[in-house]
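The values are calculated or read from the model by the stated rules, or taken from the named source; none is laboratory data. Treat the numbers as computed from the prediction; the structure is a model and nothing was measured. In this analysis, Cβ positions are derived from the backbone assuming ideal geometry, glycine residues included, and neighbour counts consider all displayed protein chains. What goes into the accessible areas is simple: the full protein's heavy atoms, side chains included, and nothing from ligands, DNA or RNA. Shrake-Rupley method; radii C 1.70, N 1.55, O 1.52, S 1.80 Å.
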Amino acid sequence: MRTLNALPPSRLVFSLAAACRAHPVAEKVLVVHTYQIGWEILEALASHTGGWLNLRLATPLSLALEAASTRIAAEGSTLVPPALADAILHTAYDETPKGFFPEKPTPGLLAAIRNTMEELRLAGIRPEVLKVLHAIDPVKANDLAAIQTRYEAELAQARALDGPMVFQMAMNGSPTGRGLILVPESLRVDGLTRRFLETFTRHSTVVLREDPVLGLDSPSLRFAAPEPAGAASPNSYWFAPEALPSDRPALDIFAAVGERNECRAVLGRLLANGTPFDRVEIILADYPTYAPLLDDLRRELGGLPMTFSGGLPASRSGPARALAAFARWIRDGFPENALRRLVASGDLKVPEGLSGRRVARVLRAAQIGWRADRYASCLNGHCEELRRRLEDTDEDETTARRAARLDEARKATDWILDILGLVPLEDAPLAECLRAARTFLDRHVAIRSASDGIVVGRLRERLAEDARYDARAVSAVEATERIIALAEGISVDGSGPQAGHLHVAGVRQAGYAGRPVTFILGLDDSRFPGVTLPDPVLSDAERSRLSPDLATAASRSQEKLYTLAELLARLRGRLTLSFAAFDLSDNRRRFPSPVLLQAHRLRTGDRLADYQALMQAVGPPVGFVSAGRALSTDHWWLSRIHDRGLLLDARECVLAAFPDLARGAQAEAARARPEATPHDGKIGPAPELDPRTNRALTASASRLERYPDCPRRYYLQYVLEVELPDELVIEPGVWLDPMTRGALLHEFYHRFLADLVRTKERPDPRKHLDRAHGVLTEVIAEYKTRVPPPSEAVFAIEVEELKRSVKVFLQGEAERRSRNTPSFFEVSFGLKEAGAGAPSKPVEIPLPGGPISCRGKIDRIDRRPAAHEWEVWDYKTGTSRYFGANDYTAGGTQLQHAIYALAATQFLRQSEDPQATVVGSGYLFPTERGGGEEFRRDPARIPEALAVMDRILDLIRDGMFVGRGERCKFCDYAALCGSGAKDRWKALQGEGDPGVGRLIEVLDHA
Ligand code: SF4
């Protein structure tokens, strides 16, 4: 025999070679679990013997199809496509009256029922038998039997055959008598499959012996029992180390901090040793977790050649991600922010001239919130607003910029509405939903690589196949769940081992290629053996009572361990085992699998070695820093800045390499100095920001009040004009945010009181409650169109709360009824939307340091009983926590009452009462939350307020914008500021900085 590979082959290859030698020209059929495994065995055989003659591969099912081919052809039947089998099962389930299973099954339950039914049918348990066996709950037995009967009838009607039917037909046929059937003894067969192989091929079957597993009981599903020890490889003794007669196997064990470091350590070892890639197989105890990590690392390394036996999840590619996100957007009720994220991700093809980010900006600005029916109106409304602003010459933007923005919004609107137009109606046929998903893929998903193209092709194929067979009308949730499962469930790029490539495989597919260097990753005890969950349809006790052919949790666990033992036994060459000793996501330790303890006993010959001995031998886990070649940028940095596991101070070199970090470090150092610096917000003289000298500026009460609250926030908001994202976001338990709720109530106060003024009545809670509720209902209806509530239940709760606030408002009005007559509402000055009779110009406020122009809107002006006496009131709809009866400017944060008193005086004298005097100005809290409180300020003290305003403007003029850190928790700019503002403010107060001292004087004014 010519040996092409330096290492002896596995016993399976050896047995196969012997069969080929004994029957060189006869037709031979090697029965394998999958064709991929078969090809690997044949390649190993070729490598070992140089070739073979007249040998082909078959699976048990393909063999059964051959055996039953005459009858199948005569009946005109075909093998059922998976999509048709799914559709038939759905229909059978839906049409069966059920006593045990729910009317609407989850996809997981249906999958479990499908598996259980297949097991029952392979075990030869017919529906009629299931009902009379009394082995399981009778109601459940009835349900399962009825679903199964209907399922089989539908299959028969469609002339479609599934696996159990094919095996049944094959057993009733006559043997072909062609060639030898070669069956590896490790092939797993049960029930009908076993009976087919044992009876139909018994005269021509040759069992291929494999490397035995010693020390474990053989699972019943194995085709043949292992032969007695004797011709065993060293790795056969994994679970009987004490019996190992000769050389100990070459194996190594290591631990790592997290799975990524484990993978990185493997690749690092291979690169350091210069091991040819196609001599290596990497076996994963947890393929779904580790395969994507290896794929990431191989990409970081510039595309290390690697083949993956089970492929990689398509959900890692843009098209599958986009399709799943599209389906989730529909399922979740069309939340605008979900579509925005999808658009901004770059996974979609946006119209020419636009980018994903620009379309996302249009989406956000349109204030859609959620619900499909709002998209068209909100987007068109946004375009209309932009068109109006284009015509408005008062705006700051240039006409060209506004025109471009409008053009952008229109294009984006057409494109978004096209996507929306693809969405079928609620309870549409599933096929229609799947076709819509396919059109979405064709029209809107970006294909950026050949691999993306393959994913799109696979997705289109699956969508088309499912659409062909399933004609049921389904809910949007069911249809979208199906699309999500499809997008996330398929794998791509699966491949057998290839020349020049590392090969990665799961435990069941591994060890056949005969590669001399093997790594097995993921051997911690949570993964191997891990927990085997019982079947949700039939309990283990029911399965045991029904048939020995039905697997239980215990037998599946035994099977898992035995499969690994068989894999180990057939390996040759150098073996390295590893596990993640620390779970970085959960921040907790992980422990080695019992398999590793066996490995340690095997390599040391110490059959009594315990876990402590194992961990001592394994040594410290491989972490983020390690010697040797760096495999990624972060790895390179960490490898340069550590000394024997300790990280050194690498500040200087890191800052030299990253200039932005260096600037940040400078700012941090400046903020440690005793005096305030520009990095604290003390930017130096800025007279252009002072409305007393720069008369083009118009001040407002709210702006001035913002300064003492936090000068830095003032700077960010009004000087740098940092805009906050303006969007409607779903909060499941909230309809209106505080600002919108306040606007709604202001609208109600205005309309209701204006109506009373028109009818010359005064507010009376007993008389006007219904009328007030009528006005409130009108306003609420308008707001409901603008801001859709997340649910009717939430809406009802908030409406009740608003009604209670209206009651509080009416009571407050009744108490003041004898004194005042509300006369003017929403009197604006210096604002563009000034109402009838209101001054269109800003009012001038005479400060000691010079006059300023001011704008604002007075909520209401009341006429007092005494001649020429008036009061000015502002509604507050939040809490009254920050207002005190004895406050006047409250440290400069309440200046509005003074400015509005002066503005109202000017307004009244010009339009209503030349001798008008404002004798009271203040704040009303007419809501349930505000308790109907009233805070009145004395207009005689207005000069004090003007002096405080003057001091604030002095500080602004001098460029003093230090953060106070008082209300950072509720500040929209907290993400920009970071932490530490409060401590810095305290430190600056202690250092006697003159600017800080002047600010404190303002804050101290009561
Ligand atoms: S986060 Fe704090 S310090 Fe920064 S601007 Fe807001 S309130 Fe001021």
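Numbers below:
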| read-out | value |
| --- | --- |
| Segment 99-194, accessible area per residue, ligands and nucleic acids excluded (1.4 Å, Å²) | 44 |
| Segment 733-885, relative contact order in percent, only Cα pairs under 8 angstrom and at least six apart counted | 22 |
| Point-charge dipole on Cβ atoms (K/R +1, D/E -1) for segment 840-941, about Cα centre, debye to 20 | 240 |
| Percent carbon-and-sulfur accessible area, segment 14-160, ignoring ligands, DNA and RNA, probe 1.4 Å | 60 |
| Average Cα contact separation per residue, the chain, under 8 Å, 6 or more apart, as relative contact order % | 12 |
| Accessible surface of segment 801-953 [probe 1.4 Å, protein heavy atoms]: carbon and sulfur percent | 47 |
| Cα shape, segment 419-549, gyration tensor, a/c 1.5 rule | oblate |
| Solvent-accessible area of T34 with every protein chain in place, 1.4 Å probe, in Å² to the nearest 10 | 50 |
| Stretch gain in nm, segment A793-L724, where the contour uses 0.36 nm per residue and the Cα spacing is subtracted | 21.8 nm |
| Burial ranking of peptide ranges 848-857, 352-361 (average Cβ count within 10 Å, highest at the top) | 848-857, 352-361 |
| Set of lysines near K131 by C-alpha distance (under 30 Å), chain-local residues within fewer than 8 positions excluded | K98, K104, K140 |
| Among 87-95, 272-280, the order from most to least packed when residues are scored by Cβ within 10 Å on average | 87-95, 272-280 |
| Reach of K349 by Cα under 20 Å, taken over lysines that are not fewer than 8 positions away in the same chain | K411 |
| Sequence of T480, T693 when ordered by accessible area, the most exposed leading, probe 1.4 angstrom | T693, T480 |
| Ordering of 373-382, 298-307 by burial proxy (mean other Cβ atoms within 10 Å per residue, highest first) | 373-382, 298-307 |
| Size of electric dipole in segment 727-778: Cβ of Lys, Arg +1 and of Asp, Glu -1, about Cα centre, debye, nearest 20 | 460 |
| Modelled FRET efficiency - R0 60 Å, T78 with A400, Cβ distances, 0.05 increments | 0.40 |
| Nearby aspartates and glutamates by direct alpha-carbon distance to K560 (threshold 19 angstrom, same-chain neighbours under 8 apart not counted) | E119, E185, D190, E210, D211, D217, D286, D524, D525, D535, D540, D549 |
| Nonlocal amide H pairs with L523, under 5 Å, H built at 1.01 Å | S578, F579, A580 |
| Helical mean residue ellipticity (222 nm; -39500 (n - 2.57) per DSSP H run of 4+; nearest 500) of the chain | -15000 deg cm²/dmol |
| Average accessible surface area per residue within segment 755-902, 1.4 Å rolling probe, Å² | 46 |
| Rounded to the nearest 20 debye, dipole of segment 46-182 from Cβ charges on Lys, Arg, Asp, Glu | 340 |
| Rounded accessible area of K349 (nearest 10 Å², 1.4 Å probe) | 90 |
| Under 5 Å, built H, 5+ apart or other chain: amide partners of M306 | L502 |
| Residue among G356, P305, G258 farthest towards the positive dipole end of segment 241-396, charges placed on Cβ | G356 |
| Residue-by-residue Karplus 3J(HN,Hα) for segment 61-70, coefficients 6.51, -1.76, 1.60, Hz, glycine and proline x | 5, 5, 5, 5, 5, 4, 5, 9, 4, 5 |
| Radius, Kirkwood style, for the chain when every pair of distinct Cα atoms is counted (Å) | 35.8 |
| Residues listed by number, segment 136-169, amide nitrogen under 14 Å from F100 label point at 7 Å toward C-beta | 136-149 |
| Residue-span extension gain [T740 to F658] - 0.36 nm each, minus C-alpha spacing | 25.2 nm |
| Calculated FRET efficiency for the pair K986/A450, C-beta based, R₀ 51 Å, to 0.05 | 0.30 |
| Efficiency of FRET from Cβ geometry, A866 and A947, R₀ 30 Å, rounded to 0.05 | 0.55 |
